[in-house]
Amino acid sequence: MTLEHFITLNNLSVRLASNIKRARAAVGLNDICKFFNNIKGVLRDTDPQLVFNYDDTNVQDDPGAKKVIVPRGTKGVERVQQHSKAYVSIMLCGDAAGNLLAPMVVYKSGYLYENWLKGGTVYLARQGNSAGGWFVMILFEKWFFVILLRKIRALDSPEQKIVIADN
């Protein structure tokens, strides 16, 4: 029996898997429900424009995706691994009403080259660089104080503001 025949007989398909770390793969529905149960009381009567959520995401220059065999129709195929190639990090933040703040991009470099910034969008508020292309503390603080805190302080509301983040 050939591999192709086995795949067909068992209603399988060949897909490329996304790379994720073991800790992220371990998060399940119970973890997500527990999180939302913990914050629903605070969020219930809060104006959505006063609730912010931020997270950084990493764009890999070479994810090294591998083909895997999965049941046909499987969505979000992922491959758990310990490491990957170089990254560019992007900090994204929005409020619960759907308004987005300007993102910040961190390049993997010892120096932030001016030609990397040419032709960029006016909505890109900040750029930075670090040895690994990650948000190190000084870059996170730059984003937090210049982008997020400035936005929160500009809101014309005496109500509490809520900021949700991972880590």
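Inside segment 28-53, can you point out the residues that are among the β-branched types (Val, Ile, Thr) and either touching an Asp or Glu at 6+ places or on another chain (Cβ under 9 Å) or surrounded by 12 or more Cβ atoms within 10 Å (Cβ to Cβ) (or both)?
39, 42, 46, 51
So in segment 58-101, with the set limited to residues that are among the aliphatic types (A, V, I, L, M) and assigned to a loop (DSSP other than H, G, I, E, B), which one is modelled with the lowest pLDDT?
86
Of all the residues that make up segment 4-21, how many are aliphatic (A, V, I, L, M), at pLDDT below 85 and either over 26 Å from the mean Cα position of the chain (by Cα) or closer than 16 Å to residue 73 by Cβ (or both)? Don't jump to the end; show me each part of the working.
Quick first cut of segment 4-21, residues aliphatic (A, V, I, L, M) only: 7, 9, 12, 14, 16-17, 20.
When the remaining residues are screened for being at pLDDT below 85, the result is 16-17, 20.
So of that shortlist, the ones also either over 26 Å from the mean Cα position of the chain (by Cα) or closer than 16 Å to residue 73 by Cβ (or both) come out as 16-17.
Qualifying residue count, segment 4-21: 2.
Just give me the residues in segment 155-164 being within 14 Å of residue 95 (Cα to Cα) and loosely packed, with under 13 Cβ neighbours inside 10 Å, in sequence order.
Result: 160, single match.
Which residue, of 52, 35, is aromatic (Phe, Trp, Tyr) and without any contact (Cβ under 8 Å) to a residue 40 or more places away in the chain?
Sole residue among the options that is aromatic (Phe, Trp, Tyr) and without any contact (Cβ under 8 Å) to a residue 40 or more places away in the chain: 35.
The values are calculated or read from the model by the stated rules, or taken from the named source; none is laboratory data. Just so you know, these numbers come straight off a predicted model, no measurement behind them. Ideal geometry is used to build each Cβ from the backbone, glycine not excepted, and the neighbour counts take in all protein chains shown.
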